[in-house]
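Participant: My questions all concern the structure below.
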Amino acid sequence: MQKYKISAIVPCYNESHNIVEVLKSVEFCDEVVLVDSNSTDNTVALAQPYINKLLVREYEHSASQKNWAIPQAANEWILLVDADERVTPALKEEILNLFEKIDEQPHVGYWIGRLNFFMGKQVRYSGWKNDKVIRFFRKSKCRYADKHVHSEIIADGSVGYLKNKLTHYKYVGIDAHMRKLQRYASHQALDYDQKTGKITFFHIIIKPIWSFTKHYFIQRGFLDGFVGLTIAYLRGYMVFMRYVKLWLLRRGID
């Protein structure tokens, strides 16, 4: 008999276009927990047939939401999947095969790579080629760093790697994506406030240009065609907006 079982945790907010498919992809888990940030669409209603537990909490930021939810899962091993991600059949089989001998493994968590799709195309370069996240882990040994944006797991122990990947659908429309970038920029301003000195020409001009250059040329975004050009431009734009938001934050201006 297995010593442990798996709890899947899926955070969401207004994800009616994604929620059924992501929940279907984690049906193999022993418990499925939906963490909803007071959705105003029918996300929760669509999710009800696929979940064991519903948690509702006003959204603060991603790491806070996940750290709040993780201890409430019933099982020691957690598979955390965002609403715009999917567990592929190959990844499912790898996790189940690994789990049969989980006590023999030295790791407290596992990196999982992601296949990213944007504007209807798989992105193979543009800085996303080696994208990976720690999403399968022991709840007693792992928690997210206290950051507003792009927080990663802090693990009390070694972290291994799974061979198969999540699919990640980052794009639901250009207007929605631009709104998401604006939110990210606002959250990043909070993270950068303590470690950024006076905002200068370097922050507003050089850093956005460098971000574009890195994604488009150094990380070969040009090989992703028009999608790669768009990603590089949006990366530079988000860096610019990060420091605009920080400048406003320091002056108490919305």
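The values are calculated or read from the model by the stated rules, or taken from the named source; none is laboratory data. Values in this document were obtained by computation on a predicted structure and should not be read as measured data. Every residue, glycine as well, gets a Cβ built from its backbone with ideal geometry; the counts of neighbours run over all protein chains shown. Note: areas computed on protein heavy atoms with side chains; ligands, DNA, RNA excluded. Shrake-Rupley method; radii C 1.70, N 1.55, O 1.52, S 1.80 Å.
Participant: Would you check if Ala8 is small (Gly, Ala, Ser), open to solvent by less than 20 Å² (accessible area, probe 1.4 Å) and either closer than 20 Å to Val149 by Cβ or not in a strand (DSSP E or B) (or both)?
Facilitator: Taking the combined requirement at face value, the residue does not satisfy it.
Participant: Taking the criterion of being out of contact with any strand residue (DSSP E or B) (no Cβ under 8 Å at 6 or more places or on another chain), within 21 Å of Val149 (Cα to Cα) and of a type in the set (D, E, K, R), would at least one residue in segment 231-243 satisfy it?
Facilitator: Yes: one or more hits.
Participant: I've got another one for you. Here is a check on your reading of the model: is Ser158 loosely packed, with under 14 Cβ neighbours inside 10 Å and of a type in the set (S, T, N, Q)?
Facilitator: Yes; evaluated as a whole, the condition is true for this residue.
Participant: Okay, moving on. Could you list, in sequence order, all residues of segment 92-121 that are touching a Ser or Thr at 6+ places or on another chain (Cβ under 9 Å) and either without any contact (Cβ under 8 Å) to a residue 24 or more places away in the chain or of a type in the set (A, V, I, L, M) (or both)?
Facilitator: Val108, Leu115, Met119
Participant: Right, here's the next one. Among strands (runs of 3 or more DSSP E) lying entirely in segment 138-209, which contain 2 or more residues that are over 16 Å from the mean Cα position of the chain (by Cα) and within 26 Å of Leu80 (Cβ to Cβ)?
Facilitator: 158-161
Participant: Is it the case that some residue within segment 104-123 is modelled with pLDDT of 95 or more and touching a His at 6+ places or on another chain (Cβ under 6 Å)?
Facilitator: yes
Participant: Kindly indicate whether any position in segment 169-189 is at pLDDT 95 or above, open to solvent by less than 70 Å² (accessible area, probe 1.4 Å) and at positive phi.
Facilitator: no
Participant: Given the residues Arg250, Arg235, Arg183, which is the only one that is of a type in the set (D, E, K, R), touching a residue at least 12 places away in the same chain (Cβ under 8 Å) and closer than 30 Å to Leu91 by Cβ?
Facilitator: Residue meeting the stated conditions: Arg235.
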